[in-house]
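Before any comments, here is the structure.
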Amino acid sequence: MNSSNEPYDQNTPRRRRLGIRKSYKISEVSKINTSLIKSNPVNQRLNLTNNIRCESPPLPCNQVEYILGESADSSLSSEIPCSPGITDSCFIENINWDSFVYNKKDKDKNVDSANCSNVINTTIKEKNTQNDMCYLTSNSEKLFKDEIEESFDNINQSICQHNSNNVNASILFETKDSFLLDIRESGILAAETEEKSIFVPKANPVTKHEGFYGLPMIVKGLFKTYRNIEQLYDWQEECLNLQAIRDRLNLIYALPTSGGKTLVAEVLMLREVINRKHNAIFILPFVAIVQEKIWALAPFALQLEFLVEEYAGGKGHLPPKKRRKKNTIYIATIEKGLALVRSLIELNRLDEVGLIVVDELHLIGEAGRGSTLETLLTTVIFANKGIQIVGMSATIGNLPDLGRFLKAEIFEKQFRPVELKEYVKLGDVLYRLREDMELVVERKLAYDYSPAALALDPDFLGGLVSEVVPGGSCLVFCPTKRNCENVAALLCRLQRKDMSQHRTEERTALQRSLCNEGAAPGLVGAAAAGVAFHHAGLSADERSLIDNAFRSGVISVICCTSTLAAGVNLPARRVIVRAPLVGRQLLSMGSYKQMVGRAGRAGVCEDGESILIVSPREWPAVRTRLSEGIPPALSSLKTSIDELLLSAVALNLCTDRKALKALLESTLLAIAPEEGSVDIDEVCNESIGSLLRSEALQVVGRDGHVKEDELQLAVSTVGRAAVKGCLDLTTTKQLMKELEQASRGLVLMGCLHLLFLVTPQEVSIRPDYRHYYTLYSNLDEEGLQTARVLGITEVNAVRMMTGKPITNVSESVLNRFYVALTLRDLYRRMPFAAVSDKYNIPKGTISSLLSSAVALCLGAQRACVELGSWTYGTLFDELGSRLKHCGAPELEALMELPAVKKGRALQLHRAGFRRLEDVARAAPDDLVAAVTHLSRTAANHLISAARVLLIEKVENLRAEAEDVMEGLNL
């Protein structure tokens, strides 16, 4: 072993394993970083040729292939790489990752960033050797802490540092191989093809914040570089200068879709983390939108030195890591946002958050998720920690009610940067739709249809689509999933020659990728014609491929259900509403506005058009419905009052009936109930009585002299477990009951019994019992043993086969066991398509079941810890991690990369990139050479994403080190 004053051998196995080639002293690293910063003045900019404004860059493509087994033929892999990344590493060619090491003062021991926790331990040991900790002077204590901080700072700088000089702009973006997102068409960036020096600004410590709407001037450069935004719209400037914003009052602002609402929210969040040094929470409705926003803010986080953390699906730390050096923007779904807020309140850390932004605020009136969002906002308001709440939406019919609920100012404008022309088609005439719902004749439709084509397409869908494609894009909204598929097949039969010959090579590559995902033949065949269908029956990977193909122009038409209108950001040149229905319900104004709002987007389309196809017989009813205006967002909290009150007592926000009543009076339920008026006093009494009867709440310190309203309430163990696991009380009680039963005979031959325990208790799957019998007959020993423990025997199987009723086992247990078998096959790495065929369940439903099981598994783990069942807590913790990645622990690290799914992770793993550090340290050329069909742009994107995650890990280690030092009173 080398002594402390001898350098390590440059070629030792340990040094090669750590990737260490050259070491620097801290002072040297500081000089290097200083010279880099000085060589990159802020006034240098990325040269942009187009004047395209991009409010929110599209999410990059996340999957290329999915082939099981190491021996899979690589020739079958997809030729479709990721779309261009938007982080700063996309612009970087030559980065010296040898500097991804640091050297402690007066020591020559080099340490890899992945082992920076060992640095802390080594430093502490060395200090203990030199002098006993009890006798450290104040100067040595300060020096000790400064060295620790300097170590982390240098590691972070080494991750971010780069040389931006002499970069060839022509090699930064590639569009020739695959349907890689075209930069000029997408609105992300526009780069000149000739060689130019490109600069991405690096943030320096800033003390003056008056330059760009209260932010440092460097932020203006970042918006120019990454969004090509040099000037805000008039309404955006007016909104940011409102007195409510200056006084940090709550605010609701409402504008039509694509008006640029999100940009205002981003400026406000940047102010919070940079100027006020507080964290911010961004609440978004869907996981896909959360990931899109992660990518949009990642380059800002790198340059402005704050963190962006994802709280969606199985991602996110509860409670979040406490950091003293950097602030964080938490981007979360509604459910994860509630869990995040509760964990902060429990630890008395809610004051770390200064701003909460809620997108799609109108969802507060939606059944199910609406009550969760109302619970979240009510909890924050009642906690009274001075947190500013900003809500935004395009479709709220009762803004004053929402304003009273949030105690917020209202800002409303009718602004759209791209004009939207709305039409209604009646028969063969196209009418312009005025704001008063009156129709004005626009033109008569006439296409060169043959008699056979006219019989197939009496509504002229093919002609309406052909007017804009393939040069533009078109979304066709259909009432049902089956209708989506039928319309897509119809459009394929009616396509023109120029449509069939458009970007054929990329379409072939897309077909190959869809085949690798096990897509239905109808979807694969439609892709060849530039058409696709998009609904909840598709797997997440299939939808991702279609989304990115549409953004890049390879797919020109998507036939979709109404869920796409709010789920992902897919603007189009023209939107066609195939029928005035959503499912079997007549179209509402809110749904209509969400759909037609997809037409036209600044930086994507010069204008937008929407066409509503209605029969003359349907028009009077449709006109009446649309004339009603946007429906109000009414409270749906009544079904979830018990959970709200229980969590309030558990978090010590309320301790008696009087306080609980005051809590309910601050809800939207007290202002805009779903059904008539509500007696809050009566509702409060009923809910408290229900919680007491269920033993979730209990009265403590009962005294005859205390008034009924002032009796002290406390949460029982089961109640606390429900709050801790973010589970409803019924689910928690059922889980406890099943855990108690399982403890007498838990089958640990595999994971099946544990999977049954975390299968959603109310599943919509109703299996065919004859098929169920076939599956039961082929069960292995683990399956038979688990079925026997659950009460499912051969007698039940015979009854399944003969069609006789099963009375000794509940239907719920039978259905959940069927779903557990499905999850086990996914856990065993069976492809989604094969599982779908085996169990006759749509792939989209399987994806939803998997997500629900992962969420329940994580909730059950936290509940078990609260209940003291540490054995089950440990099992569920490991199961949740494995289930989230479909049983592939070796891919777990790579799948931490945003938008990287199993196919891409398999490619990287096979190529030898098995850790985040391997990807972060790689040169783009190495990745391109090692991974099949990976472009340079995609390689830069992966490298950049890996570095973002490494910085977060370093900050987590810094937080742990600070906790240790705080515990030692240093």
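Only the coordinates and a few stated rules stand behind these numbers; no lab work does. The model shown is predicted, which means the values in this text are computed figures rather than measured ones. So basically every Cβ, Gly included, is an ideal-geometry build from the backbone, and we count neighbours across all protein chains shown.
Observations on the model:
- Sites matching chymotrypsin sites (Phe, Trp or Tyr not before Pro) across the range 751-819 that sit in DSSP coil, with at most 16 neighbouring C-beta atoms within 10 Å: none
- Square roots of five times the Cα gyration tensor eigenvalues for the range 577-619, Å: 24, 12, 7
- In summary, the range 811-866 shows an alpha-carbon radius of gyration equal to 1.22 times the 2.2 N^0.38 Å reference for compact globular proteins.
- Volume per residue for the range 292-448 equals 204 cubic angstrom (convex hull of Cα atoms).
- Once you divide the Cα radius of gyration of the range 236-372 by 2.2 N^0.38 Å, the number left is 1.02.
- Structural descriptor for the range 497-609: relative contact order 21 percent, calculated from alpha carbon pairs under 8 angstrom and at least 6 residues apart.
- For the range 831-903, radius of gyration divided by Kirkwood radius, i.e. Rg to Rh on alpha-carbons: 1.04
- Taking a Cβ cut-off of under 10 Å around CYS478, the surrounding Lys, Arg, Asp and Glu residues balance to a net charge of +2, with basic ones at +1 and acidic ones at -1.
- Value of Rg/Rh across the range 511-627 [Cα atoms, Kirkwood radius]: 1.00
- The trypsin sites (Lys or Arg not before Pro) of the range 796-836 that meet both conditions, a loop assignment by DSSP and at most 12 other Cβ atoms within 10 Å of the site Cβ, are ARG828.
- Sparse-neighbourhood loop sites, GluC sites (Glu not before Pro) in the range 227-326 - DSSP loop, at most 15 other Cβ within 10 angstrom: GLU230
- Too-long pairs where the Cα-Cα distance tops 31 Å, listed order kept, from LYS293/LYS661; LYS658/LYS733; LYS321/LYS481: LYS293/LYS661; LYS321/LYS481
- Average silhouette area of the range 740-840, convex hull of alpha-carbon atoms, in square nanometres: 6.3 nm²
- Average 1/r across all pairs of distinct alpha carbons in the range 632-723, invert it, and you get the Kirkwood radius: 13.5 Å.
- The range 856-927-the range 465-530 distance, computed between alpha-carbon centres (Å): 34 Å
- Taking every alpha-carbon pair within the range 325-371, the share separated by more than 14 Å comes to 58 percent.
- With 30 Å as the limit, the listed pairs LYS220/LYS413; LYS322/LYS843; LYS336/LYS737; LYS385/LYS638; LYS261/LYS336; LYS277/LYS724 have LYS322/LYS843 beyond it between alpha carbons.
- Alpha-carbon Rg/Rh ratio, for the range 276-315, with Rh computed the Kirkwood way: 0.97
- Neighbourhood net charge (12 Å Cβ-Cβ; Lys/Arg +1, Asp/Glu -1) for LEU757: 0
- Each pair of Cα atoms in the range 363-480 enters the Kirkwood radius, and Stokes-Einstein at 20 °C and 1.002 mPa s then converts it into a translational diffusion coefficient of 112 µm²/s.
- The convex hull drawn around the Cα atoms of the range 543-586, when projected onto a plane and averaged over every direction, covers 3.4 nm².
- The Cβ shell under 11 Å around ALA893 holds other residues with a net charge of -2, Lys and Arg each +1, Asp and Glu each -1.
- Per residue Cα convex hull volume in Å³ - calculated over the range 797-939: 148 Å³
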